[in-house]
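Reviewing the structure listed below.
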């Protein structure tokens, strides 16, 4: 316990000497100050996020102009075929109908040729981007 009391002030002095001195100054140019202020300003960050959001919305709207291609496929296996029984002239006959395996495949491609509402939405998106950029200034 006595040794601990003697070592405690010594450890405190060693710890204080390791801290940086307060006399150090940071020199920044005006451009660096402006860049730090713009980077750390929450209003500017929000405005940048709004511009990104509108850019993504424009890309989503623009995707409606691209062609769309769809493929589909289906397979069906019949365990037991349907059987029809008929009495013809006193004799009972049975007929099996259908097939064991059924395959269905489909393909479709479409592209909007005339889409005035789509083009109007794209031009509105451009206007929104410009308005958000202007409000971010």
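Assorted remarks:
- With respect to (1) surrounded by 10 or more Cβ atoms within 10 Å (Cβ to Cβ); (2) under 29 Å from residue 43 (Cα atoms), the lone exception for residue 120 is condition (2).
- When residue 88 is tested against (1) surrounded by 10 or more Cβ atoms within 10 Å (Cβ to Cβ); (2) modelled with pLDDT under 85; (3) over 30 Å from residue 44 (Cα atoms), exactly one condition is not met: (1).
- Exclusive hit being loosely packed, with under 10 Cβ neighbours inside 10 Å and under 27 Å from residue 128 (Cα atoms), set 113, 62, 38: 113
The values are calculated or read from the model by the stated rules, or taken from the named source; none is laboratory data. Just so it is clear, the structure is predicted and the values come from calculations on it, not from any experiment. Counting neighbours? That spans all protein chains shown, and the Cβs are built from the backbone with ideal geometry, glycine included.
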